[in-house]
Structures are given as structure tokens and as C-alpha cells.
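Everything on this sheet refers to the single structure shown next.
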Amino acid sequence: MTTVIAFIFMFGLLVFVHEWGHMIFAKRAGMLVREFAIGFGPKIFSFTKNETLYTIRLIPAGGYVRVAGEDPEIIELKPGHHIGLQFNDSGKVNKIIVNNKSKHPNARVIEVERVDLDHELIIEGYEMDEDERLIFEVDRKAFFIMDERKTQIAPYDRQFASKTAGQKAMQLFAGPMMNFILAIILFLIIGLVHGVPVDEAKMGEIQPNTPAEQAGLIENDEITKIEDTTITTWEEFTSIVRQNPGEELSITVLRNGEEEILNIVPKEVEAMNEKGETIAIGQIGVRQAFEKSMIGTIQYGFEQTYTVTKMVLTNLGMLITGQVPLEILSGPVGIYDATDQVVQSGFISLIMWTAMLSVNLGIVNLVPLPALDGGRLLFVGIEKLRGKPVPPEKEGVFHFIGFAFLMLLMIVVTWNDIQRLFL
């Protein structure tokens, strides 16, 4: 149950922050945000505030922000349609009743002759059994009512397509950007609560029944030499330990200002290298020492985000070039299983894991693939170069094919996760 709660919290936070970035910058640009959704599929919970429908949906596989003009409008009025009109105190149409007009006895029923809800905001038509042509002004925030459900109209200046290439790009980039900002904040929290790792090869917590305890290492010991190699950093220390599983090592320890020589045999454990191959590495069962420092914490937040970003980009490049197999990818099932292991390590480990996933989510969404933010940013770039947007129908086909491919990839990755768990 703890893992379930942790996974829901982590998933919800990552998706919320990402989509919140999209929504905030859409609204700042004057776009009408129709829906802010966490998850896909049937609605579990929903409410409307400030023109936007907020929903939580059944399938925890992402989320989305639906901006007016990004997709074809659901309701399209054509000549010959019979509709009902209701008016506000200014005499402008504020409700356009598409069907079930009998449920709105006060509505004024007309036959549509011409409609322009993008620029002119007018409806032209005739009342039933009348020959006089009437022109009605439509309020900018009028609603369609179809099947007793309200949908706000979107004048062209509130649609995605009406905005500059810069505004579009910022709205699309804002989601991944917020994931990077979230990662920095989470690493800062770790630094404030837990401290930041020291640069020296200084011992933190010594785990029981491990080679470190058996060799006599204690907290705050500093390794200055392994065999004949001088050690100045934690990375140098761990690198030598990893490279010598099962081999006895002579280590020089600085303890209370005095040097001692200890012998230690790193335990041999299995790990996966960058190519996805299983290899043997050495471990001794000790954690790095930490210290609390405000300046160090700020530096740690940015450095860790940069380090994780570099690691994800490297792995992504190796995946694209075929240096690592597709099997190393994990979907929701694999992430849940990894979260279960992380939760057992404590709250700080969960925060660290969430920050790493946030960076991963930000980078993956910037990959120029159809249906991802990066793919849509690619089209904004093409629009900037051409001086005009790509025809919506062509862009729509591109994203549809890409979305189908991503769903297929998700199925394959999930199957790999299940095989790893049960086979």
C-alpha cells in the first residue's frame, strides 16, 4: 500500500507539473484552455474553474492540456441547421443550443444562413416561418449547448493557431521546462534535509554485515590511498572498489588526524553496464558522507540536474544508435517495480527517484517525435522558416501516426516489464 501511495503521488506530481507548465503559458498567451487532464480514458473526477475543465482520468499513462484550436472544434454550425439562441443583458448571444431545443423554451429558434464565430462573431439566419434575415452578435464567451453539455466558443485570437511562433514554442516548451525546474527543487529539498555529499572519499553510514564493517571502517573515516594509488575524491574511491570484486585491497584511512591501514575485500554483485550487459562489480556497503551548506545545497540542486540530464541524453543516444537494446526501456509497470524498491530505501531515495524521473520526462518530451512536445516544436520551427504554418491536416496525420507508434511502443515496453517481473 505504501508503494501504491508513493507511485500515485510521484506520477501525479510529475504529470501535474508538466501539464501545469503548458496551461500557464497558454493562458499567459491568451489561449483558451479547454481541459487540464491527469491520465487518459474515462473521467473519475472533474470540475470547472476559470473556463477550464479539470479532470482526473482512469488510465495513469500521462496527461494533457487541450487548447482551443489545437484540434478541430467538436461543434460546427452549417447553413440549414436549426439552433436555439439565448441572450445576455447586452443583447448578445451567450448560449447556442444545438439540439434538445425543447428543453429550453425561452430560446429563440432560427435557421442558420451564415456563421462566423472566429472573427466577426455573428450568426445570420431566419426565424421559423419568417423571411426577414436577422443578424445576431455573439458574446466572446458564449457557449454551445449540445446534449445538455456546455462548450465555450473560441474566437480566433484565443486559438493556438493565432499566436506567434514564439508564443507557440514557449507554450510547448513550458511542460518539459517545468520538469527540469521540479528536479532542481527536489534536489534542493534533499540538500536541505539530508545535506549534500562531500567531495572527499569520506565515509558516511556503514551498513551492518558488510565488508566495510568487517574491515573496521567507521563513520567519518577518510580514504586517502588504495594500494599505491592516492585517493582525493569519492568517485576515485568507488571506481577502484567497483573494479575489484572479490580482490583484497589495502586501504589507508585518515581517522582523527592519524593514518591507519586496513584490508578490505569488496563483495561481488551483479550490475548492468551502459550496454545493458550484466557484469560483476565490487561493493563494500558504505554510504557517502554528507554535510549541510546553503551554498552547497544550491550548487548541488543544479549540478545533480545537469548530471542526470547528461546521463539520460547519453543513454538515449546509445538507444537510438543501437548500442543498447530496446529491452532496457521501462514503462509504467517497470517504474512501479523500481518505485517499490526505492520506497524500501526511505523517503530521501523516493525524492531522488522522482527528481530523476522528472528530468527523464522532460527530455523524452523534447525528442522531435510525433505527438510529443518535441514533435510539435519541430512544426513550429518549420512554420518560422516557411513564414506560414504547415497545413493542419498534414500535421494531424503526422501526429496521429506518431501517436499510434508510441502506443505500440508502450505495449512492447510494458510486455518487457512483465517478463522481467515474472519470467
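Summary of computed values
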quantity	calculated
Most mobile listed residue (Thr230, Thr55, Thr151) in the chain, GNM with C-alpha springs under 10 Å	Thr230
Net charge, Gly30 excluded, C-beta distance under 10 Å - Lys, Arg +1, Asp, Glu -1	+3
Accessible area expressed per residue, the range 150-273, with surrounding protein chains retained (probe 1.4 Å, Å²)	52
Net charge dipole size for the chain [Lys, Arg +1 and Asp, Glu -1 on Cβ; Debye, nearest 20]	1460
Residue-normalised accessible area of the range 1-71, given per residue in Å² at a 1.4 Å probe	50
Solvent-accessible surface (1.4 angstrom probe) belonging to Tyr126, in square angstrom, nearest 10	60
Accessible-area value, Glu148, 1.4 Å probe, nucleic acids and ligands omitted, Å²	80
Order of exposure, largest accessible area first, which applies to Ser162, Ser345 with probe 1.4 Å	Ser345, Ser162
Pair-distance profile P(r), taking every C-alpha pair of the range 1-145, with 5 angstrom steps and integer %	2, 8, 15, 16, 14, 12, 10, 9, 6, 4, 2, 1, 0, 0
Dipole-positive endmost among Asn365, Pro155, Gly62 within the chain (Cβ charges, Cα centre)	Pro155
Cα centroid separation, the range 194-266 to the range 344-377 (Å)	34
Phe16 versus Arg255: modelled label distance in nm, points set 7 Å from Cα along the beta carbon direction	4.8
Cβ-based charge dipole, the range 160-265, positive-most Cα from Val241, Leu254, Phe173	Phe173
Computed label-point distance, nm, for sites Tyr54 and Arg140 using a 7 Å Cα→Cβ extension	2.5
Of all accessible heavy-atom area on the chain, the percent that carbon and sulfur account for (1.4 Å)	57
Surrounding net charge for Pro60, when Lys and Arg each add one and Asp and Glu each subtract one, Cβ distance under 14 Å	+1
Entry for Rg and Dmax of the Cα atoms in Å (calculated from the structure that is shown) out of (i) 30.1, 96; (ii) 21.9, 69; (iii) 29.4, 105	(iii)
Approximate spin-label separation Tyr156-Lys103, in nm, with each point projected 7 Å along Cα-to-Cβ	3.4
3J(HN,Hα) from dihedral phi, the range 341-350, Karplus parametrisation 6.51/-1.76/1.60, rounded to Hz, x for glycine, proline	5, 5, 4, 5, 8, x, 5, 4, 5, 5
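The values are calculated or read from the model by the stated rules, or taken from the named source; none is laboratory data. Not measured: the values here are computed from a predicted model. FYI the Cβ positions are ideal-geometry reconstructions off the backbone, even for glycines, and counts take in every protein chain you see. Ligands, DNA and RNA are excluded from the accessible area calculation, which covers all protein heavy atoms including side chains. Shrake-Rupley method; radii C 1.70, N 1.55, O 1.52, S 1.80 Å.
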